[in-house]
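Accompanying notes for the structure given below.
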Amino acid sequence: MKKIPVFCSIFLTLVCVSLLFHKVFARETTSNRRTPVVIAVEKVGPAVANISTERLITARHSDPFFGSRSELFDQFFNDFFGQSQKQTVETPLGSGVIIDQDGYIVTNEHVVSRASKIKVRLSDGKDFEATMISSDPISDLAVLKINSPTPLPFIKMGTSKDLMIGEPVIALGNPFGLENSITTGVLSATNRTLTFNSQYGDIKYEGLIQTDALINPGNSGGPLINIDGDLIGINAAIVNQAQGIGFAIPVDKVRQTLVKLFNFRELNKIWFGAQVEEDDSSRGIKVSSIEPGSPAGKAQIKVGDYITKIDSKEILDVLDFEKSILKKNAGDKLFIHINRDGREFKVGVKLEKAPLPSIEKLALEKLGLYVQDLTPQLAKQLNLWWVKGGVLISGVQRSSPAAEVGLKEGHVLVYVGQYRINDVEELGALLKIMQKSDVWEIGIVWSDKLGEHQGYARIKIR
């Protein structure tokens, strides 16, 4: 027999070792341990935020209303009941999820309500201080913003229209402050209606997702995802003394609420002048109406046009539209890409400051209130000298929404929704976006022979 040369023997040995290594490596990379759950968590985990808040708690020995009123009004009572105070800080924990690369975070309103400082830590250990953009206590959702020098990882929003009972779901968050925790389970039920107690009274949640994935304190505000890693809900609540029963706000309702919370006209007083809507077309978002004399009207945008891009940003839904313009200011120029009957072109739109409607008329039509600015002179006459700004109720229409909740002449509006109201102009900006049957939280102060008072009311818009 011929002898195999030494170099051939070495070569064959190396080939065998290589094949063996490849076989072992392939087995590891296709291991059963790398399940769809692992893949989904790796995909979404970087977009989950750990939220901690600081709240200033003031104990007063000479304040007869302490304990019966919200801390929301503490700032107005500091001077009047400012003796014998003791202040402490607590740091409640919760979760949130980043919804775009610019650093917008969605969480539960109850996680960040009354916070004097909001801190966010991401899964990579980076810390940020967040600012509150807006919130809705009725929907129990809030939007925060963190600023990063680089684009941030974000979650893909799915849909709750096609949820299947029994499909696997994953809850991510920071239960009890244990960062980057997950629990798994199945979707137990949809369209649940529950009522929970809150600082605003009983709040009714409708259309909730029920899951047996454990949702513990600290998970609130975190994402509930499907096995593909798509957001299907925001974890919201648990049933006390019950195991395996948790609830999440479905993502389609989250998206609807976010459109309101990103309302650029309300937040930045920007006027674009076109109402838009989504349809089944893949061409963008459809222009449904144009305000006469508006920036959109001046740019010759027409009803029936489809907006496909703003500058270089592709617009896929109304939420994209609101977020894109929220970044701008009055005077900025946008380039709007239009699809009109299949023809593509772009137009320039110069944004303007949003005009205010007749505020007094709107207040009467929607609330049944006659209103005026609370001047320092009026505040002194009403023994409300400690109130710096507000809207004085000078009359209440009979059988109106205001009359039904007990508002009276002499009461002063200081909060509407989550917004501090300093004058009639600021109230007008909110009246403009109030829709029929909406329920808004309002905060009021007043003075009478028994002393100074504060109170809440939930008023239904007509």
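Key figures
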quantity	calculated
Ranking by accessible area, most exposed first, for Ser116, Ser139 with a 1.4 Å probe	Ser116, Ser139
Per residue value of the accessible surface for the stretch 93-162 (all protein chains in place, 1.4 Å probe), Å²	43 Å²
Selected from Val445, Ala379, Ile338, residue furthest toward positive end of dipole (the stretch 329-458; charges at beta carbon)	Ile338
Subset of Lys269/Lys333; Lys353/Lys432; Lys126/Lys156; Lys408/Lys449 violating a 19 Å alpha-carbon distance limit	Lys126/Lys156
Ratio Rg/Rh, restricted to the stretch 111-176 and using Cα atoms, in which Rh is the Kirkwood radius	1.01
Ranking by accessible area, most exposed first, for Ile227, Ile146 with a 1.4 Å probe	Ile227, Ile146
Overall form of the stretch 367-433 per C-alpha gyration tensor (a/c, 1.5; a/b vs b/c)	oblate
Share of pairwise Cα separations in the stretch 303-408, more than 25 Å, in percent	53 percent
Surface share of carbon and sulfur [accessible, 1.4 angstrom probe, percent] for the stretch 342-420	51 percent
Relative contact order computed over the stretch 292-365 (Cα-Cα under 8 Å; 6+ residues apart), in percent	31 percent
Taking all pairs of distinct alpha-carbon atoms in the stretch 346-462, Kirkwood radius in angstrom	14.8 Å
Whether the stretch 246-369 is rounded, prolate or oblate, judged on the alpha carbon gyration tensor where a/c under 1.5 counts as rounded	oblate
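The values are calculated or read from the model by the stated rules, or taken from the named source; none is laboratory data. As the structure is a prediction and not an experimental result, all values here were calculated from the model. Backbone-built Cβ (ideal geometry, glycine too); neighbour counts: all protein chains shown. The protein model used for the area step is the full one, side chains on, heavy atoms only, and it has no ligands, DNA or RNA in it. Shrake-Rupley method; radii C 1.70, N 1.55, O 1.52, S 1.80 Å.
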